[in-house]
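No value in this document is a laboratory result; all are computed from the given coordinates. No experiment lies behind these values; they were computed from the predicted model shown. Neighbour counts run over all protein chains shown; Cβ positions are idealised from the backbone, glycine included.
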Amino acid sequence: MEYEAVIGLETHVQLKTKSKMWCGCANQYGSEPNTNVCPVCLGMPGVLPVPNEEALRKTVLTGYLLNCEIPRYAKFDRKNYFYPDASKNYQLTQYDKPSTANGFVEFEFAGKGSANGMGKVRITRAHLEEDVGKLTHFDRTSGVDFNRAGVPLLEIVSEPDITGADMAYAYLNALTEILHQGGVSDCDMEKGMVRCDVNISVRPVGTKELGAKIEIKNMNSFSGVRRAAEYEIARQIEVVSKGGKLIQSTRRWDDVAGITEEMRTKENAHDYRYFPEPDMMPLAPTDAWLAEVKALVIELPIARKQRFMRDYQLPAGDAEVFKSNVELGNYFEGLAKQSKNPKAIANWIINNLLAKLSEANKSEADEQAALGIEPANLKLTTLADLKFPPSALLELVNLVEAKTISSSAAQQVFTEMFATGKAPAVIVQEKGLAQVSDTGAIEKFCDEAIAANPAPVADYKAGKIVALNSLKGQVMKLSKGKANPALVGEILERKLRG
């Protein structure tokens, strides 16, 4: 019997706020343990939570970005459980009345479960809650840091629409790209800002009933999610193929061993004894407030890529670069709207400007590191720090398009422009890089090259067309790279055939 996987993901994303969800403590990574805490986030008796409006705003913004409905009534609930990293022994969360519901994410994906090169995963809800502390285990003791406790956390729950490990990986990358570009979260996985629970079941192909749901908890890398899903799908299929029975349970992923291990049988909702939070009023957003939030919605990354391909005739690879780097995409679009050749603009930005920025930043990082500056405090060159205005790049492209300078000369101009900020036309004049298009001068160079190179001349006349390239190279050398290559080719061919 052939089996198929059914996967749903619960993605936990820390929101980008200055303070925690219910108090004024800093939402700040890297502080000394237990320094960003107060009676509220430590759950002391008698304290009252006050919701962070920015977290509420970013939750609803996420709903709009993920094509969700925004209910006019939402509330908070207490999810009760006892664990050392939960100082209150409960978590404030949203259960049956969340702030967003019924959305979807579309993304590029060509594997199983896709249609026309696109994947689509429905979103059950994106609900707001609070994060818990962080446990650190030593040889014989454990420590808990409550700096993270109370940080606003968004749990994005998908429908079981994911068909395999690769689709899960593509969905997670698309989801976090939307949230990062939308200003909802920095989505820095190294800082624990994104974590994921993976729910997997298998069933015979062609059936509708879901198998036993097995959850893999607290995945902290997307590559780990993909590897864990691949292993767990194969494990479950092997069990049922041999007549075994799977039961609902929770497992952990051992990244070193490359296996999942059972932790416990899965809790159900009643195990958490949910009840409405008595210290919190329900949420009832007004039309005016929702309009303010909706005004913050950005163009979705996939829509941006498709538009760049459509409006500027860019290939998918170029559009992908500008989709992933919003600042760079804006820089390109500002110039592309003024140019008759957007592809040439894209080539210079991707192949030259990015390379120069990378080179400059590596040098600056090495210098600052030698001075003992921490990586987080490095000051690197950005587009805003360029010595030349964007219009200079457009001017350079126009000089090449008008055949005023050759492509090789343009490379010299760009290097000088990046280093000094001088205008391209000034550099061309100072360095004498203007391309020679005078047919008389080029004919003279061609005559010299033909006279000095009888072997390639004979080869060309014998039918070896590629021999012309050698003669072109000699003409360019005689002209010090200034001759118009197109005219060189035309004149050489005319003279050799004549």
What is the spin-label model distance, in nm, from Asp139 to Glu2 if the labels are put 7 Å beyond Cα along the C-beta direction? 5.6
HN-Hα J couplings of segment 132-143 from phi, Karplus 6.51/-1.76/1.60, θ = phi - 60°, integer Hz, Gly and Pro as x? 10, x, 10, 8, 10, 9, 10, 4, 10, 9, 10, x
One finds, for Val205 and Ala115 with R0 = 22 angstrom and r their Cβ-Cβ distance, a FRET efficiency to the nearest 0.05 of 0.75
CD proxy, 222 nm, the chain: helix-only mean residue ellipticity via -39,500 (n - 2.57) per DSSP H run with n ≥ 4, per residue, nearest 500, stands at -12000 deg cm²/dmol
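Roughly speaking, what is the stretch gain from Glu430 to Asn351, that is 0.36 nm per residue apart minus the C-alpha to C-alpha distance, in nm to one decimal?
Details: separation 79, 0.36 × 79 = 28.44 nm, distance 2.51 nm.
Answer, rounded to one decimal: 25.9 nm.
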If amide H atoms are modeled at 1.01 Å from N in the peptide plane, then the residues at a separation of 5 or more from Asp77, or on another chain, having amide H under 5 Å from its own are Thr93, Gln94, Tyr95, Glu277
Long-range tail of P(r) for segment 274-397 (Cα pairs > 19 Å, %): 63
Within the under-15-Å Cβ sphere about Val202, not counting Val202, Lys/Arg +1 and Asp/Glu -1 give a net charge of +1
Non-local amide H neighbours of Ser87 (under 5 Å, H modeled in plane, Pro and chain starts lacking H): which ones? Gly133
Whole-Hz Karplus ³J(HN,Hα) for segment 325-340, in order, using 6.51 cos²θ - 1.76 cosθ + 1.60 and θ = phi - 60°, x for Gly and Pro? 10, 4, 4, 5, x, 5, 4, 4, 5, x, 8, 4, 5, 9, 10, 7
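In whole percent, what relative contact order does segment 3-290 give with Cα contacts below 8 Å and a gap of six or more residues?
24
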Trp289 label point, 7 Å along Cα→Cβ, cut-off 12 Å on backbone N: hits in segment 44-58? 51-58
Between Glu4 and residues 5 or more places away or on another chain, which pairs have amide H atoms under 5 Å apart, with H built 1.01 Å from N, and which residues are they? Arg203, Val205
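Please get the size of the charge dipole for the chain, origin at its Cα centre, with Cβ charges of +1 on Lys and Arg and -1 on Asp and Glu, quoted in debye to the nearest 20. Spell out each step's value before the answer.
Numbers: 60 positive and 64 negative charges, 217 e Å.
My answer is approximately 1040 debye.
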Among Asp255, Asp459, Asp287, which comes first, second and so on when ranked by fewest other beta-carbon atoms within 10 Å? Asp287, Asp255, Asp459
Rounded to the nearest 10 degrees, what's the angle between the helix 165-181 long axis and the longest principal axis of the chain, both from Cα atoms, 0 to 90? 80
Modelled FRET efficiency - R0 60 Å, Tyr73 with Arg264, Cβ distances, 0.05 increments: 0.95
How far is it, in nm, from the label point at Ala26 to the one at Asp366 when both lie 7 Å from their Cα along the line to the Cβ? 3.4
Pair Ser470, Tyr83: separation of 7 Å Cα→Cβ label points (nm): 7.4
So the pair-distance distribution of segment 439-497, from every Cα-Cα distance in 10 Å bins, comes to percents of 26, 62, 13
